[in-house]
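The values are calculated or read from the model by the stated rules, or taken from the named source; none is laboratory data. Computed from a prediction, not measured in an experiment: that's the story for all the values here. Neighbour counts are summed over all protein chains in view; Cβ atoms, including those assigned to glycine, are modelled from backbone coordinates with ideal geometry.
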Amino acid sequence: MARHGADAARAGRRRRHAAGPAVSPPRDAAGGLPSVAPVCPPVGARAIVCLGLSQLIGWGVTFYLIGALGPAITAGLGWNSAAVYGGFSAAIVTMALVSPIAGVAVDRWGGRRVMPAGAVLSALGCVALASAHALPHYYLAWAVLGTGMRLSLYDAAFASLARAAGPTARRPMSQITLFGGLASTVMWPVGHLLAEWLGWRGAVLAYGALALATAPLFLALPRQRYAASAPQAGAAAGGLARSQGERRLAGALYALIAMLTNFLAAGNAAHLISILTGLGLAATAAVGVAALWGVGQFSGRLVDVALGGRLHPLTMTLIVCLLLPLSFALALASDGDVAMLAVYALAYGACNGLLTIARGTLPLALFDYRSYGAVVGGLLIPSFLLTAAAPVAYAQMVERYGARGAIGLSTALAAGILACAAILRWRFIGRARQGG
């Protein structure tokens, strides 16, 4: 009996070790997020690489599809640009509708089970889009794509990492965005080449095959949920927004930042090439400069990874938001100069890349990580709804007021993002400095 009891104890220790450390790591001086990872990180290098590759491919073949193939689709179908780009808006509205369900699903079952379904739906959406000849069919295809996007892109990935790594998820979040930041750089040129070789329908079918190929990558995600030790679980999970009033304020400011940032990203992703052309670049030069946006995203995120979380998310967000309107001011002052527009694309790309990380890490600092998916899923609904209007709004701005009008709109939105980030840091950084 004694030997049996000793064997059972050893087996229990092995099971606890396999499930990862059940302790809460130390918090950094700024509060809220840990400064070091656990001894056995719940999200390993293999999972990060696989999830990162899925984001590079997934963003390229879904969100950036309209930016790469929109002109070819417009010419091929003979519709006006509002009808064509409205399909992308339909996808974003669908993302808003399914967002709360998607967040709860990831909290409950984890990304390992939810995100492959998103990849399959993205592939089916591409197949439906490639066969579309009428508007209802076209918009239905985009609705399927929107569902797949919400289940397989960053917001689902961030919730999956929060579930698996708890308060240590900040670094994995930054690392996977390094891959996703290259999506436009890789897929815009690839999309143009595929469209020239196969036509836009063939290019979309190829995109569908790539989307389906990402499904096995999600199986690298951990099965288990992050667990903190009982005495420390509440401190690790609570976040900076403690009272109901603080949570409402933090939620409203976070929702505004995400909403305006996503509106900017969606509008520019859909029309960056045409905006650069309107600012005086030749078509070939505009494609090359637009690709620098992805390089900027990658570079900005690389800086964040290199810093290793030394800056609190509230501080990092404010710094980035200070630089954001300056990048658009540079575009306004460029007068068609290729070098200045290249710097603009790099700078805005870097800001957008870092704000994407902030979209994942701010809720981790502000709210309870144990309900990350559900909380963020609800807060992102207005973001998706406003973002749905971005491609059409930017198309109207370019048509009526030219490229400079579109850049002026971007500058005003960037100023609004800066105001929200400043209020958020001013309200909560005092508590952060006290270590939560």
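Taking Leu346 as the residue in question, decide whether it is in a helix (DSSP H, G or I), within 18 Å of Leu279 (Cβ to Cβ) and free of Cβ contacts under 8 Å to residues at least 24 places away in the same chain. Don't jump to the end; show me each part of the working.
Working: in a helix (DSSP H, G or I): yes; within 18 Å of Leu279 (Cβ to Cβ): yes; free of Cβ contacts under 8 Å to residues at least 24 places away in the same chain: no.
Answer is no for this residue.
Okay, residues lined up against (1) buried (at least 21 other Cβ atoms within 10 Å of the Cβ); (2) touching a residue at least 60 places away in the same chain (Cβ under 8 Å):
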| position | (1), (2) |
| --- | --- |
| Leu65 | yes, yes |
| Ile73 | yes, yes |
| Trp109 | no, no |
| Val120 | no, yes |
| Ala134 | no, no |
- Residue by residue through region 284-295, note down the ones that are within 21 Å of the chain's Cα centre (by Cα) and among the small types (Gly, Ala, Ser). Ala290, Ala291, Gly294
- Query: Looking at Ala393, is it assigned to a helix (DSSP H, G or I) and within 22 Å of Trp142 (Cβ to Cβ)?
  - Reply: yes
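Could you please let me know if Pro363 is within 17 Å of Leu256 (Cβ to Cβ), of a type outside the set (Lys, Arg) and in a helix (DSSP H, G or I)? Steps first, answer last, please.
Working: within 17 Å of Leu256 (Cβ to Cβ): yes; of a type outside the set (Lys, Arg): yes; in a helix (DSSP H, G or I): yes.
When the stated conditions are applied, Pro363 passes them.
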- Message: Quick check on Gly208: is it farther than 27 Å from Ala339 by Cα, modelled with pLDDT under 85, over 18 Å from the mean Cα position of the chain (by Cα) and not acidic (Asp, Glu)?
- Response: no
- Which pairs have Cβ atoms under 8 Å, sit 6 or more apart or on different chains, and link a residue in region 225-250 that is over 27 Å from Arg113 (Cα atoms) and in a helix (DSSP H, G or I) to one that is of a type in the set (A, V, I, L, M) and modelled with pLDDT under 80? Gln232/Val23; Glu246/Leu240; Arg247/Ala241; Leu249/Ala241; Ala250/Leu240; Ala250/Ala241
- Which numbered condition trips up Gly67, out of (1) of a type in the set (Gly, Ala, Ser); (2) in contact with a helix residue (DSSP H, G or I) (Cβ under 6 Å, 6 or more places away or on another chain); (3) under 23 Å from Leu362 (Cα atoms); (4) modelled with pLDDT under 90? (3)
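Take Tyr207 and decide whether it is outside any helix (DSSP H, G or I), buried (at least 19 other Cβ atoms within 10 Å of the Cβ) and touching a residue at least 24 places away in the same chain (Cβ under 8 Å). Give the derivation first.
On the way: outside any helix (DSSP H, G or I): no; buried (at least 19 other Cβ atoms within 10 Å of the Cβ): yes; touching a residue at least 24 places away in the same chain (Cβ under 8 Å): yes.
In short, no.
For region 296-303, check the following and say yes or no: at least one residue is within 18 Å of the chain's Cα centre (by Cα) and aromatic (Phe, Trp, Tyr). Outline the logic, then answer.
Applying the first criterion (within 18 Å of the chain's Cα centre (by Cα)) to region 296-303 yields 296-303.
Then keep just the ones that are aromatic (Phe, Trp, Tyr); that gives 298.
Yes, some residue in region 296-303 is within 18 Å of the chain's Cα centre (by Cα) and aromatic (Phe, Trp, Tyr).
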- region 311-326, subset over 18 Å from the mean Cα position of the chain (by Cα) and without any contact (Cβ under 8 Å) to a residue 60 or more places away in the chain, residue nearest to Ala183 (Cα to Cα): Leu323
